[in-house]
Amino acid sequence: MRNAAKSNLLVPEIREVMDIRQASDYLGISPDTLYKYASEAFIPAFKLGNRWRFKRSRLDEWMDRQSDAATAVPESEVGAKTKKPVKAAY
């Protein structure tokens with residue numbers, strides 16, 4: 001087997017449009033967390049039929065905006081809209 005073919009077996013392909021499992025692996029978060037973020041419109045996503053899909057380029061742009069916002073605004077000035085809300089424990 002050629003070296004290129006062997007290396008393709010070891011490295012998963014990153015597609016432009018990903019399902020929830022692929023996108024959660026790409027972002028390094030659990031599928032459950034990603035599903036929650038998508039349903040709350042916290043992260044860019046769209047539905048194809050009844051399944052969530054994620055464009056890699058939109059996720060990259062979103063991550064860039066998130067990291068720019070985090071470095072541009074001091075922690076004491078971060079508003080409720082830029083931070084993920086935390087549910088109260090009962």
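All of the numbers you see were taken from the coordinates with simple rules; none came from a lab. All of these numbers come straight from a predicted model, not from anything done at the bench. Cβ sites come from the backbone with ideal geometry, for glycine too, and all protein chains shown count toward neighbours.
Observations, loosely collected:
- Label-point separation in nm, residue 17 to residue 36, each point 7 Å along Cα→Cβ: 2.8
- Cβ-based charge dipole, the range 15-63, positive-most Cα from 48, 35, 17: 48
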